[in-house]
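> I have a structure here, written as structure tokens, and I will follow up with some questions on it.
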Amino acid sequence: MDAMNAVLDDSAIVASDVGNCQMWARTFRRIATPESFMQSGVWNAMSYGLPTAIVAKMEFPERNVVAIAGDGAFLMTSGDLPTAAEYGANVLAIVLNDGAFGQTYMQQTNIYGHTYGTTFKSPHFADLAKACGCEGIRVSDPKDVEAALRQALAATRRQPALLEVMVGEVPYPKV
């Protein structure tokens, strides 16, 4: 979120999916205008980020528009990437890849002491983006995130872009 705040100006629009990315984004993303931060609200519908960002970009073509999602939620609407490329909705999709439905993993661990059906093998999202006619960038070192964000945002002048951020295992807080 610090890197996003450093790179995005106050006119940028961020559409957040649900889960851990939403918790981080709504807590730490700077919000300057009524439409600068979009989330699905109380319904917490998974896969909200990318389609919402595409619509926002078509409504506000002059503004930077970013979708942020975990890998589980992004998998549900990854098929929208070629649509974004076809229609020139040059959004930046940030995928936080931890190979899990992170918030469900945390809740099952905290409540039951074990998990079931919450981890999976994600595809290489940066390569998937390239196959869909988008720019694809993958980072695994936190010190590289800000530069990669700048590179991906610059790419949106020509085409949609996806930044895949590999997220290591982190301790989840008890809820």
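Here, each number is a calculation from the coordinates, and none is a lab measurement. Since this is a predicted model, take the numbers as computed values, not measurements. Cβ placement follows ideal geometry from the backbone for every residue including glycine, while neighbour counts extend to all protein chains displayed.
> For a quick check: with amide H placed at 1.01 Å from N, whose amide H comes under 5 Å from residue 38's, ignoring anything fewer than 5 positions away on the same chain?
Under 5 Å from the amide H of residue 38: 14, 15, 16.
> When all alpha-carbon pairs of the range 60-136 are counted, what percent fall beyond 22 Å?
33
> Relative contact order for the chain using alpha-carbon pairs under 8 Å, separation at least 6, rounded to a whole percent?
Averaging sequence separation for qualifying contacts and normalising by length gives 22 percent for the chain.
> Moving on to the next point. Would you compute, from DSSP H runs of 4+ residues alone, the mean residue ellipticity of the chain at 222 nm, taking -39500 (n - 2.57) per run and dividing by the full residue count, rounded to the nearest 500?
-11000 deg cm²/dmol
> Once label points are set 7 Å from the Cα along Cα→Cβ at both residue 114 and residue 1, what is their separation, rounded to one decimal in nm?
So the two model labels end up 3.4 nm from each other.
> At a Förster distance of 30 Å, what's the computed FRET efficiency of residue 127 paired with residue 87, Cβ-Cβ distance as r, to 0.05?
Taking R0 as 30 Å, the efficiency between residue 127 and residue 87 is 0.85.
> Relative to the first principal axis of the alpha-carbon coordinates of the chain, what is the inclination of helix 145-155, with its axis defined by its Cα atoms, in degrees from 0 to 90 and to the nearest 10?
For 145-155 against the chain, the angle is about 40 degrees.
> Would you please state which residues of the range 86-126 a label at residue 62 would reach in this model, taking the label point 7 Å out along Cα→Cβ and a backbone N cut-off of under 17 Å?
Residues passing the 17 Å test: 90.
> log₁₀ I(q)/I(0) of the chain at q = 0.10, 0.12, 0.17, 0.18 Å⁻¹, via Debye over equal Cα point scatterers, no solvent, to two decimals?
-0.34, -0.50, -1.01, -1.14
> Where nothing but the Cβ of Lys and Arg (+1) and of Asp and Glu (-1) is charged, how large is the charge dipole of the range 80-175 around its Cα centre, in debye to the nearest 20?
Dipole magnitude for the range 80-175 comes out near 80 debye.
> Helix 49-59: angle to the longest alpha-carbon principal axis of the chain, degrees 0 to 90, nearest 10?
Roughly 20 degrees between the two axes.
> About the Cα centre of the chain, what is the dipole size in debye to 20, counting +1 per Lys and Arg Cβ and -1 per Asp and Glu Cβ, all else neutral?
100
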